[in-house]
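Peer 1: Quick one: the structure is below, questions incoming.
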Amino acid sequence: MSKVLVLYYSTYGHIETLANAVAEGARSTGASVDIKRVPETVPQDIAKNAHFKLDQTAPVATVAELANYDAIVIGAPTRFGRMPSQMASFLDQAGGLWAKGALNGKVGGAFTSTATQHGGQETTLFSIITNLLHFGMTVVGLPYSHQGQMTLDEIVGGSPYGATTIAGGQGQRQPSEIELEGARHQGQLIAKTANKLFD
């Protein structure tokens, strides 16, 4: 079975919650799954004063270990319609892996959160997906086989480009069950794809 890395950056815990759901979906296929996060670049005192969620249990990843996985699913919140600097900085350090083609042919995917419905979910996903394509990876999104993303009964995240959640302007909204189902579904599809390619 394949080895899957769910790699994330989470300021207030919304992406951390989605990352666990993505991992749950991937594990349901029999894949081996690790959840890791990228380093925080905001000084500790500033992060504490801004109420960042600093007690996350996932270990911090290194760039070199990306090559050890068959699939990498990247999650990050939006910053002005694109991925935040913490994730961008981490991926920018993967030039050596890119030069060696170390990620060519691996499977990838993206997930995100925004404060509002129209806060840049799809552009943020594409800012992550662009990196995956440059690395030579095969991208798996969240197709409409997750029909929950089409509901009109409630406000809900989700996009064919990846799982999403809407956090609210003060971060007061946690991922809904439909959004978590989407994350699990995407994780499952990514792992199934990797299992087929690397079994």
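Since every read-out is calculated from the coordinates, none of them should be taken as a lab result. These figures come from a predicted structure and were not determined experimentally. When we count neighbours, we look across all protein chains shown, and the Cβ atoms used for this are built from the backbone with ideal geometry, even at glycine.
Peer 1: Out of (1) out of contact with any Pro (no Cβ under 9 Å at 6 or more places or on another chain); (2) assigned to a loop (DSSP other than H, G, I, E, B); (3) within 20 Å of Asn20 (Cβ to Cβ), what's the single condition that is false for Gly141?
Peer 2: (1)
Peer 1: Hey, any hits in the range 110-123 for a residue that's surrounded by 15 or more Cβ atoms within 10 Å (Cβ to Cβ), touching a helix residue (DSSP H, G or I) at 6+ places or on another chain (Cβ under 8 Å), aromatic (Phe, Trp, Tyr) and in contact (Cβ under 8 Å) with a residue 24 or more places away in the chain?
Peer 2: yes
Peer 1: Yes or no: the range 164-175 includes at least one residue that is surrounded by fewer than 19 Cβ atoms within 10 Å (Cβ to Cβ) and outside any loop (DSSP other than H, G, I, E, B). Explain how you work it out, then say what you get.
Peer 2: Initial filter on the range 164-175 (surrounded by fewer than 19 Cβ atoms within 10 Å (Cβ to Cβ)): 168-174.
Now narrow it down to the ones that are outside any loop (DSSP other than H, G, I, E, B): none.
No, the range 164-175 contains no residue that is surrounded by fewer than 19 Cβ atoms within 10 Å (Cβ to Cβ) and outside any loop (DSSP other than H, G, I, E, B).
Peer 1: Asp55: within 15 Å of the chain's Cα centre (by Cα) and of a type in the set (Asp, Glu), yes or no?
Peer 2: no
Peer 1: Mind checking which residues of the range 141-199 are among the β-branched types (Val, Ile, Thr), touching a residue at least 24 places away in the same chain (Cβ under 8 Å) and closer than 20 Å to Thr124 by Cβ?
Peer 2: Of everything in the range 141-199, those that are among the β-branched types (Val, Ile, Thr), touching a residue at least 24 places away in the same chain (Cβ under 8 Å) and closer than 20 Å to Thr124 by Cβ turn out to be Ile155, Thr164, Thr165, Ile166, Ile178, Ile190.
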